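Here's the structure, in structure tokens; my notes come after.
The values are calculated or read from the model by the stated rules, or taken from the named source; none is laboratory data. Keep in mind the model is a prediction, meaning the values are calculated, not measured. We place every Cβ from the backbone using ideal geometry, glycine too, and count neighbours over all the protein chains shown.
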Amino acid sequence: MGRTIPSFRQLLEIEKLGWSCFKKELPTKMDKKAFDKLFENAELYASYLSNAVNPIPLESVMMGTLFHNYKTLLEIHKEKAECDSLNNDITIESKLKLHLSIDNKPNGKILFDKTCEKWQGLMDSIHKEYKKTLLKMIFEVCSYSESCSKIINDIDSESCITYMFFISLLIRQQKLISTMGKYVNDTPSGTKLGKGITLLDFMT
């Protein structure tokens, strides 16, 4: 009898177990909880990520977690207007490509196309509102720095391109989180986070 192919959720558990030694060596309970949260966040999108047909489960874990964190950061700052303005599902991608062309960022457009192609299965299966947010997330990375996009595009290996994209996205999220921390420390107690500021204030 042939072996049963594991489900994507099972692959996530296998991947998590593979990092158990790493988790064990994390210095604090908070770090360990954060590690578990990474996989929990990815599992929220398991039904979508399974359609990405990605042979490397860790890439899907990273994409799911980064997407969830991006959504969370948007929600914190109530920055949904730009996403909501892209209300025609058929033209979302073409509108973003047009923005890249207008901004004269050919390398950004190439990276955008490559990334969308790699995650096409995810794009096709994901909920409409999630798709808008996912495309916006990819667009922001690809339009951020033409020099960075060129370096990523020049790498031959598809895996390297994916990891460079993830690193670029992580840098942007970390920059936002660091700035949020600075904002909280510089404001009087009782001031609500995000008052009078927009997500774009953190992205420059």
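Could you tell me whether residue 202 is modelled with pLDDT under 65, closer than 23 Å to residue 103 by Cβ and either of a type in the set (Gly, Ala, Ser) or buried (at least 16 other Cβ atoms within 10 Å of the Cβ) (or both)? In short, yes. Considering only residues in segment 1-14 that are part of a helix (DSSP H, G or I) and in contact with a helix residue (DSSP H, G or I) (Cβ under 9 Å, 6 or more places away or on another chain), the one that is surrounded by the most Cβ atoms within 10 Å (Cβ to Cβ) turns out to be 12.
Based on this model, can you work out whether residue 82 counts as of a type in the set (Asp, Glu), surrounded by fewer than 19 Cβ atoms within 10 Å (Cβ to Cβ), under 21 Å from residue 168 (Cβ atoms) and modelled with pLDDT under 75? When the stated conditions are applied, residue 82 passes them.
Reported count of residues in segment 98-113, each being surrounded by fewer than 19 Cβ atoms within 10 Å (Cβ to Cβ) and either basic (Lys, Arg) or under 19 Å from residue 52 (Cβ atoms) (or both), is 1.
For segment 15-31, taking the residues that are part of a helix (DSSP H, G or I) and farther than 26 Å from residue 54 by Cβ, the one that is nearest to the chain's Cα centre (by Cα) is identified as 31. For segment 47-67, enumerate the residues that are surrounded by fewer than 18 Cβ atoms within 10 Å (Cβ to Cβ) and out of contact with any Asp or Glu (no Cβ under 7 Å at 6 or more places or on another chain). Those that are surrounded by fewer than 18 Cβ atoms within 10 Å (Cβ to Cβ) and out of contact with any Asp or Glu (no Cβ under 7 Å at 6 or more places or on another chain): 47, 53, 55, 56.
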